[in-house]
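Take a look at the structure below.
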């Protein structure tokens, strides 16, 4: 389940980044923080999959918070590099200047 979550949201991030560049705020870090709060603080406790946030150890929150940041930041680095290598152009929101 964890791998499916990671792959789904990584692909979603990459596709949305082509059409809505604001998702790339702080090189994807903001999206990672939103996913962490949404799933680990709200959705999973509401489903009863994990304890309530206040009953979880601080280390769990710390690990998940920075783990999501690192995860999305690395996805953004790879996404940007692959996009540039494949298309030879910068991100869509940057105009291509004549060479």
Of the peptides 12-23, 79-90, how do they stack up when ordered by the mean number of other Cβ atoms within 10 Å, highest first? 12-23, 79-90
Can you tell me the relative contact order of the chain? Whole percent, Cα pairs under 8 Å, sequence separation 6 or more. 30 percent
Pick the calculated percent of Cα pairs over 18 Å apart for this structure from (i) 58; (ii) 42; (iii) 52? (iii)
Angle, helix 58-87 long axis vs. longest principal axis of the chain, Cα atoms, 0 to 90°, nearest 10? 20 degrees
Treating the angle as unsigned and between 0 and 90°, give the value, to the nearest 10°, between the Cα long axis of helix 2-19 and the longest Cα principal axis of the chain. 40 degrees
Can you give the calculated 222 nm mean residue ellipticity of the chain, where each DSSP H run of n ≥ 4 adds -39,500 (n - 2.57) and the sum is split over every residue, rounded to the nearest 500 deg cm²/dmol? -20000 deg cm²/dmol
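All of the numbers you see were taken from the coordinates with simple rules; none came from a lab. Source: prediction; values computed, not measured. Backbone-built Cβ (ideal geometry, glycine too); neighbour counts: all protein chains shown.
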